[in-house]
Amino acid sequence: MKLTRRDALAALSAAGVAVGGAVVADRVADSETLGDDLLRSETDDESTLDGSARQTLVAVAEVVYPSELDGIEGFVETYTEGRLLADDSRRQSVATTLSELDEVSREWESTAFANLDTDTRDELLRELAVDTADPDPEGLLPGRVRYYVVNDLLYALYASPTGGELAGTPNPIGHPGGYRTQLSPEYQRASPAETRDPTAETRDPTAGHDNGGTANNDRTTDADGGEAGG
Amino acid sequence: MADRTPEPRADVCVVGAGPAGAIVAARLAEAGHDVVVLEAGPRFDDESRREKLDSHLRPGEENPWGMGGQRDAYTNEGDRDYPLNAARVKGVGGSTLHWQGMVMRLHERDFEMQTRHGVGTDWPIDYDDLRPYYAAAERELSVAGADDNPYAPPREEPFPLPAFPPSRSDSVFAEACESLGLDMHSVPNARNSAGTDEAPACVGYGTCQPVCPSGAKYTAERHVRAAEAAGARVIDRVPVQRLDHDRAGDRLTQATYATPDGETHTQSARQFVVACGGVETPRLLLLSRSETYPDGLANSSGAVGRFFCDHLFAGAGGTDDRQTDQNHVGFNTSECHQFYDDADPVVGMKLEFLNYAGPSPVTTALNADTWGDDLLVDLQRDYGTHLAMGALVEQLPRRENRIELDTSRTDDHGNPVPQIHWSLDDRTRAGLRRANKIQTAVLSELGVTPEWTVGPADTGPAYHHMGTTRMGTDPDASVVDPELRTHDLDNCWLVGSGTFPTGGAMNPTLTIAALAVRAADRLDAVL
């Protein structure tokens, strides 16, 4: 399955990036295809990640994305371009985190993270405990890798149409795919009678229920089962 | 810096910019009156809605409206903990920023619980009194619905927008409901099923609660915009600290509010409308006690803060072999109101067929401890086959359930915080058990083994705060009269679900809106 430009734009939309906004629109939406050197043509531009950081980011995506996906590099670069153009503070944090991840790789494996094969990258991330770390934008490296890198990549994928389709839905949460995607082709509701009398006898699935009295002796304090208001 | 000085001349001062306050403000401003609205919380930028969606979906960032902290502190003293800040919002738009958006009319019996069933109390108005205002409220909220509910009270005109069609999981449920003799029908939704001048059609972001990035879901910001377009002034981030009255104690004279930069101002007006919700409205009245009213403003009856009630959630769910396509949208498309009025003694209940049962891929992925192909296998296994039913169950008002002031703890302005005393009675628990029985019967009919239930032991509230400034004709037993004017103070009006003498089991906002439209008419006549 191939990730498309539409997926990247949808992921940006889900991430709250105003794709229609001037800068992002010029830089992202005008791009005809994914992976068309959108970033590579901007190597001196401080508003994006440098080449090394981009390579590390794509290398992580190749681990955390399903192996059947094509077009990962272009998708990641397009998404990241839009995401970080809109947020300079985030760009710095992402760049720092990727740089530190790369340093760990050079220390443990004597080479850049992007140079490792995918199995070794996977092992390194797990040894670093990124898989079990709580995402934490200001925490230790595993929490920051989880927050800025892994979770952002997973968010981009699984809030996009192709990622949703992989998981089983054409309209994943976060993607404005239209409410009609939830319809059944043969949708219906139970409506036993054409003209219905609410007092007519129906088969009562609650036969034998007891409405009880009015005493107040409930000491339970767990209210987590609530349905939020509205 | 925004100008937060008082309005030199105001016919009406509205406290609170949620649906009740905003509707009153809009209608009075459109009628030519000078209106100022004082809102405790901020004005949220429209452009930030998708950022809020993003943060809502990410672990640890699920609180997009900034509720919590010392500003919103509260304490619990009742038998059950009440998570007050879980769904309310302080800000322009109020809790409609967060809400689900289900808008049903109360039934005729809800207004006559004492007369018909010997429980609770009667409203001083009946369904026919409110009926034209329900129609007006449906127009105000652009309600999408269909006249296909045989258990709904009589109505006089079509809904403003067509109902959302039933979902795939509705179709799955339909089989069991047919077999059991349960009627399914549409859900009146305060979200656009088609575009209007005010809002676009729903595009299915799937995060209605807590945030609709498209604006298809109604929020009271629509009425705030209408109010401002008609000349009203809305001042945000100015929590009202107290209300003061004249020497005789007959009329309010001013509202004292704090600004973010530490200043304090007073706003005077001819009429005051307090619309801060079922917790903050009684709290403000209690905070405004005086020599004349030592137990709090408008509290000669002693009923301010009393009779706090809510709707209780019951639910059951499991997984099916069939595809159920959950989480495409964040709202429900079918319900069953068949068991609302049928039992004696009556315990109101409405059943919901959930369109958001089970996990969604993106939230599962962000919380998973694996990735790659392993994660995809988990997502494919976990998504798409869940089925669940919910229910709201009626809770009758009881005097001991109440909102008080907790003088041992103060908010960010040094005011005592609300203290919640809340408990359930056997009658409500019986209603929850009955809901669970129906839900498990439906699931069993489908061949689905219930994997979870929420019932009497672990139920929680729907965050519909009602009853705390109840309406009535007897000044010794109620806070406001049938016009929603306080018995004690001639120019003090309370609008919102606090005025409900009983709450039925229907989501309250349409009734809030109907009462707000009605109160605005009365205020217009007075002015």
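The values are calculated or read from the model by the stated rules, or taken from the named source; none is laboratory data. This one's a predicted model, so the numbers in the text were calculated from it and none came from an experiment. Here the Cβ is made from the backbone with ideal geometry for all residues, glycine too, and neighbour counts use every protein chain on show. SASA here: full protein model, heavy atoms, side chains in, ligands and nucleic acids out. Shrake-Rupley method; radii C 1.70, N 1.55, O 1.52, S 1.80 Å.
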Scanning the stretch B:443-458 residue by residue, those part of a helix (DSSP H, G or I) and farther than 10 Å from residue B:388 by Cα turn out to be B:444, B:445
Test result for residue B:226, more than 8 Å from chain A (Cβ to nearest Cβ), in contact with an Asp or Glu (Cβ under 9 Å, 6 or more places away or on another chain) and under 30 Å from residue B:36 (Cβ atoms): yes
Complete set of residues in the stretch B:337-363 that are within 25 Å of residue A:145 (Cβ to Cβ) and at the interface with chain A (Cβ under 8 Å from one of its Cβ atoms): B:360, B:361, B:362, B:363
Enumeration of residues in the stretch B:169-182 that are facing another protein chain (nearest Cβ under 7 Å) and open to solvent by 10 Å² or more (accessible area, probe 1.4 Å): B:171, B:178, B:181
Which residue is farthest from residue B:90 (Cα to Cα), if the candidates are limited to the stretch B:281-301 and must be open to solvent by 20 Å² or more (accessible area, probe 1.4 Å) and in contact with a Lys or Arg (Cβ under 8 Å, 6 or more places away or on another chain)? B:295
Which one of B:78, B:41, B:21 is outside any helix (DSSP H, G or I) and more than 11 Å from every other protein chain (Cβ to nearest Cβ)? B:41
Considering B:118, B:181, B:204, which residue is on the phi > 0 side of the Ramachandran plot and in contact with a helix residue (DSSP H, G or I) (Cβ under 6 Å, 6 or more places away or on another chain)? B:204
Looking only at residues in the stretch B:99-131 that are surrounded by fewer than 20 Cβ atoms within 10 Å (Cβ to Cβ) and in a loop (DSSP other than H, G, I, E, B), which one is nearest to the other protein chains (Cβ to nearest Cβ)? B:119
Scanning the stretch A:85-114 for residues that are open to solvent by 30 Å² or more (accessible area, probe 1.4 Å), in a helix (DSSP H, G or I) and among the small types (Gly, Ala, Ser) gives A:89, A:93, A:95, A:99, A:114
Only one of (1) open to solvent by 30 Å² or more (accessible area, probe 1.4 Å); (2) facing chain A (nearest Cβ under 9 Å) fails for residue B:431. Which number is that? (1)
Would you pick out the residues in the stretch B:459-483 that are within 14 Å of chain A (Cβ to nearest Cβ) and either outside any loop (DSSP other than H, G, I, E, B) or surrounded by fewer than 21 Cβ atoms within 10 Å (Cβ to Cβ) (or both)? B:461, B:466
Flagged in the stretch B:233-255 as assigned to a loop (DSSP other than H, G, I, E, B) and either under 21 Å from residue B:485 (Cβ atoms) or more than 25 Å from the chain's Cα centre (by Cα) (or both), in numbering order, are B:246, B:247, B:248, B:249, B:250, B:251
Given (1) in contact with a Phe, Trp or Tyr (Cβ under 7 Å, 6 or more places away or on another chain); (2) polar (S, T, N, Q); (3) more than 30 Å from residue B:361 (Cα to Cα), number of the condition residue B:196 does not satisfy: (1)
Under 6 Å between Cβ atoms, which residue pairs at least 6 apart in sequence (or on different chains) link something in the stretch B:39-56 that is of a type in the set (Gly, Ala, Ser) with a partner that is part of a loop (DSSP other than H, G, I, E, B)? B:40/B:90; B:40/B:239; B:41/B:90; B:41/B:91; B:55/B:61; B:55/B:64
Between B:210, B:166, B:153, which is under 21 Å from the mean Cα position of the chain (by Cα), farther than 30 Å from residue B:85 by Cα, within 12 Å of chain A (Cβ to nearest Cβ) and part of a loop (DSSP other than H, G, I, E, B)? B:153
Positions within the stretch B:474-512 being touching a helix residue (DSSP H, G or I) at 6+ places or on another chain (Cβ under 8 Å) and acidic (Asp, Glu), in sequence order: B:483
Hey, among the residues in the stretch A:127-145 that are within 9 Å of chain B (Cβ to nearest Cβ) and charged (D, E, K, R), which one's most open to solvent (accessible area, probe 1.4 Å)? A:134
Could you grab me the full set of residues in the stretch B:340-370 that are closer than 27 Å to residue B:59 by Cβ and small (Gly, Ala, Ser)? B:357, B:358, B:360, B:365, B:368
